[in-house]
1. Which residues, counting only those in segment 185-208, are surrounded by fewer than 14 Cβ atoms within 10 Å (Cβ to Cβ) and in contact (Cβ under 8 Å) with a residue 40 or more places away in the chain?
2. Please specify each residue of segment 24-33 satisfying the condition of being touching a residue at least 40 places away in the same chain (Cβ under 8 Å) and farther than 10 Å from residue 181 by Cα.
3. Just one of the numbered conditions (1) assigned to a loop (DSSP other than H, G, I, E, B); (2) over 25 Å from residue 134 (Cβ atoms) is not true of residue 178; which one?
4. Quick one: in segment 154-173, of everything that is charged (D, E, K, R) and without any contact (Cβ under 8 Å) to a residue 60 or more places away in the chain, which residue is surrounded by the most Cβ atoms within 10 Å (Cβ to Cβ)?
5. With respect to residue 8, determine if the residue is under 16 Å from the mean Cα position of the chain (by Cα), hydroxyl-bearing (Ser, Thr, Tyr), surrounded by fewer than 19 Cβ atoms within 10 Å (Cβ to Cβ) and part of a strand (DSSP E or B).
6. Any idea which of 116, 129, 145 is among the small types (Gly, Ala, Ser) and under 29 Å from residue 206 (Cα atoms)?
7. Pick from 92, 138: which is touching a strand residue (DSSP E or B) at 6+ places or on another chain (Cβ under 7 Å), surrounded by 15 or more Cβ atoms within 10 Å (Cβ to Cβ), of a type in the set (A, V, I, L, M, F, W, C) and part of a helix (DSSP H, G or I)?
8. Can you name the number of the only condition in (1) over 16 Å from residue 57 (Cβ atoms); (2) touching a Cys at 6+ places or on another chain (Cβ under 8 Å) that residue 160 fails?
Amino acid sequence: MSKTYQVSMEVAGDTAMWARPDTGDSPCSYPAPTFSSVRALFESVLWGPDILIIPKKVELCSVPRFHSYATNYGGPLKVKKDANLQVFATVLTDVCYRLYADVVTNPYKDSLPDSAKKWDNATTSPGHAYQEIFNRRLSRGQSYATLSLGWSEFTVSYFGPFRESTHVCSELPDIQIPSMLRSVFSDGYRSQYRAVYDNDIIIKNGVLQFPERRDCL
């Protein structure tokens, strides 16, 4: 097993949607981001296929507030081609999270593109290189892609190092989540669709700990 390096950051925004698949065409958000959503936020700051980001925990720095939301959908799944579909959802407002993850070398190097292999061969510690570049970009407010809180229209109002003005909502009562989506492409780089769920999740004292698993990445 390669050496593990830690990365962390704070994100905040006016609106967030961590959609529960079981809520169908009127989706409702989980109270906190999923495993794959946290990974995507880190990858939006710095993406590299030669490393693997493993989300560890989320700290809620705001009380979950749910709000009704409506939008027009004009994508390929609408019934009538010449009309938009109105979608109703239950989203979160005024969110703030502290995110933590481990960074390890990608165990499936054979599937990497040539450009990634070239970069990987240029360093003896891809995880450490990622950590250093990530922290440098985070402090400068730079990102590989636009950071969004679930849906692409819900962009962040802040991302960066932890701020002294934010604090974990440790006074929150326990929030139980019977089943929480973990990831939908669970077998690494270029994998096929395979949805994986974590069961009996508890947000305790404002902290969501992701379970350790070996059956998916």
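1. Once the filter is applied, which keeps residues that are surrounded by fewer than 14 Cβ atoms within 10 Å (Cβ to Cβ) and in contact (Cβ under 8 Å) with a residue 40 or more places away in the chain, segment 185-208 yields 190, 195.
2. Once the filter is applied, which keeps residues that are touching a residue at least 40 places away in the same chain (Cβ under 8 Å) and farther than 10 Å from residue 181 by Cα, segment 24-33 yields 25, 26, 27, 28, 29, 31, 32.
3. In the conditions (1) assigned to a loop (DSSP other than H, G, I, E, B); (2) over 25 Å from residue 134 (Cβ atoms), residue 178 misses (1) alone.
4. Taking segment 154-173 first, the residues charged (D, E, K, R) are 163-164, 171.
Checking the rest, the ones that are also without any contact (Cβ under 8 Å) to a residue 60 or more places away in the chain come to 164, 171.
Details: 164: 5, 171: 8.
Here the residue is 171.
5. Numbers: under 16 Å from the mean Cα position of the chain (by Cα): yes; hydroxyl-bearing (Ser, Thr, Tyr): yes; surrounded by fewer than 19 Cβ atoms within 10 Å (Cβ to Cβ): yes; part of a strand (DSSP E or B): yes.
Yes, satisfied.
6. Details: 116 fails: under 29 Å from residue 206 (Cα atoms); 129 fails: under 29 Å from residue 206 (Cα atoms).
Being among the small types (Gly, Ala, Ser) and under 29 Å from residue 206 (Cα atoms) holds for just one of 116, 129, 145, which is 145.
7. Values: 92 fails: part of a helix (DSSP H, G or I).
The match here is 138.
8. Every listed condition holds for residue 160 apart from (2).
No lab work stands behind these numbers, since they all come straight from the coordinates. Every value quoted in this text rests on a predicted model; they were computed, and no experiment measured them. So basically every Cβ, Gly included, is an ideal-geometry build from the backbone, and we count neighbours across all protein chains shown.
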